[in-house]
1. Can you report the number of residues in the stretch B:29-59 which are closer than 23 Å to A:ILE50 by Cβ and part of a helix (DSSP H, G or I)?
2. Please work out if B:ALA208 is in a helix (DSSP H, G or I), open to solvent by less than 60 Å² (accessible area, probe 1.4 Å), of a type in the set (Gly, Ala, Ser) and modelled with pLDDT under 90.
3. Return yes when A:VAL107 is in contact with a Pro (Cβ under 9 Å, 6 or more places away or on another chain), more than 24 Å from B:SER51 (Cβ to Cβ) and either at the interface with chain B (Cβ under 7 Å from one of its Cβ atoms) or open to solvent by 40 Å² or more (accessible area, probe 1.4 Å) (or both) and no when it is not.
4. Given the conditions (1) modelled with pLDDT of 90 or more; (2) closer than 30 Å to B:PHE155 by Cβ; (3) within 21 Å of the chain's Cα centre (by Cα); (4) at the interface with chain B (Cβ under 7 Å from one of its Cβ atoms), and given that A:ASN60 satisfies all but one, which numbered condition is not satisfied?
5. For A:ILE93, all conditions in the list (1) surrounded by 17 or more Cβ atoms within 10 Å (Cβ to Cβ); (2) not in a helix (DSSP H, G or I) hold save one; what is the number of the exception?
6. Would you call B:GLY63 on the phi > 0 side of the Ramachandran plot and at pLDDT below 90?
7. Just to be sure before I move on: is A:PRO46 free of Cβ contacts under 8 Å to residues at least 24 places away in the same chain, open to solvent by less than 70 Å² (accessible area, probe 1.4 Å) and part of a helix (DSSP H, G or I) in the structure I sent?
8. Kindly provide the set of residues from the stretch B:174-196 that are open to solvent by 30 Å² or more (accessible area, probe 1.4 Å), more than 7 Å from chain A (Cβ to nearest Cβ) and closer than 23 Å to B:SER58 by Cα, ordered by number.
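The values are calculated or read from the model by the stated rules, or taken from the named source; none is laboratory data. Nothing here was measured: the structure is a model prediction, and the numbers come from that model. Neighbour counts are summed over all protein chains in view; Cβ atoms, including those assigned to glycine, are modelled from backbone coordinates with ideal geometry. Just the protein is used for accessible areas: all its heavy atoms, side chains included, with ligands, DNA and RNA removed. Shrake-Rupley method; radii C 1.70, N 1.55, O 1.52, S 1.80 Å.
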Amino acid sequence: MSAGRTLAMIAVAAVCTFATRVAPFLLFNGKRPIPPIVRYLGTVLPPAVIALLVVYCLKNVTWLGYPHGIPEMISIVVVAVLHLWKRNNLLSIGVGTALYMILVQSVFI
Amino acid sequence: MKKALRPAFTATIPVLCGYLFIGFAFGVMLRDAGYAPPWAFLSSLTIYAGSGQYLLVSLLASGASLATVAVMTLLLNCRHIFYGLSFLEQFHQMGNAKPYMIFSLTDETYSLLCSLKTPEGVDPNAMRLLVAILDHSYWILGSVIGAIAGGMLPFDSTGIDFAMTALFVVIFVEQWKSSKHHVPAFLGLGAAALSLVLLGPQNFIMPAMIAICVLLVALRSRLGEEVAQ
């Protein structure tokens with residue numbers, strides 16, 4: 001890919017990220033109430049989007065052939081359980097990633 | 001401003017640890033995808049969104065269209081729309097710093113600002129600005145170190161991109177704990193998995209996203225009342 005194309009992709013990502021952050025400041029000046037449908041979607045959309053993103057991360061896993069997504073499933077369960085237990089982002093992500101690296105490099109080869 | 005530096009640094013230490021690590025993983029992933037350290041610096045300086053930049057790496061690697069980058073980034077970050085609502089008045093008082101405060105309102109900075117305690121004699125606005133600047137610099141630092149040191153690591157970095165999956169699982173657990181009902185989470189999982197099976201890894205995300213929005217709006221009479229409370 002050309003440097004110009006990469007630059008364009010980064011610029012688009014930067015503008016769109018800023019757009020989501022500046023939107024409430026443009027839409028609501030504190031005088032107008034937030035429309036109920038916006039408030040509703042704001043509450044229910046994030047868990048659905050994050051669930052979608054977890055699936056997105058697993059899109060290239062070979063479920064039918066070896067290793068059948070076993071390293072991914074083990075690591076995800078460990079991250080979730082560790083996080084329910086300790087509620088420490090860094091610990092959960094760090095331990096889960098290290099475990100996954102060990103599994104794919106030395107166990108499921 | 002000077003007096004605010006020490007308390008601001010103390011408040012941001014947890015973010016320092018998190019951003020150095022997650023930023024480092026981003027830098028390594030970007031490097032593995034074939035991009036030199038200046039690209040990591042530029043991304044972290046101008047985009048400044050953890051999950052958004054992780055996603056960008058896979059979009060860059062797959063040569064996605066600019067429209068896909070725009071849609072995916074907007075969808076991924078649409079939760080940010082609701083962060084600003086808590087700071088409409090506060091940021092307005094901050095004058096010239098307001099645009100930067102809006103730009104730098106990440107998940108982590110948002111959560112710090114929500115619970116920030118300013119010591120006596122320290123300007124709260126200066127402290128908020130310093131927290132935002134410090135967090136941003138940790139993120140840039142972590143990603144540049146990752147992009148530079150990635151190739152010199154004394155160990156095999158295969159699988160480090162699992163940090164992205166782990167990050168989303170952590171956010172998923174956080175939202176699971178704070179939601180009153182889990183229909184949206186199941187709906188997201190179900191729609192995404194079904195769409196992936198039917199349409200394959202290249203084209204599944206937009207149909208799944210549309211299905212999720214339509215179903216959530218359709219379920220509004222059921223889910224909406226609890227949410228409104």
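1. Here the count works out to 14.
2. Values: in a helix (DSSP H, G or I): yes; open to solvent by less than 60 Å² (accessible area, probe 1.4 Å): yes; of a type in the set (Gly, Ala, Ser): yes; modelled with pLDDT under 90: yes.
In short, yes.
3. yes
4. Checking A:ASN60 against (1) modelled with pLDDT of 90 or more; (2) closer than 30 Å to B:PHE155 by Cβ; (3) within 21 Å of the chain's Cα centre (by Cα); (4) at the interface with chain B (Cβ under 7 Å from one of its Cβ atoms), the one that fails is (1).
5. (2)
6. Spelling it out, B:GLY63 is indeed on the phi > 0 side of the Ramachandran plot and at pLDDT below 90.
7. Yes; evaluated as a whole, the condition is true for this residue.
8. Selection gives B:GLY190, B:LEU194.
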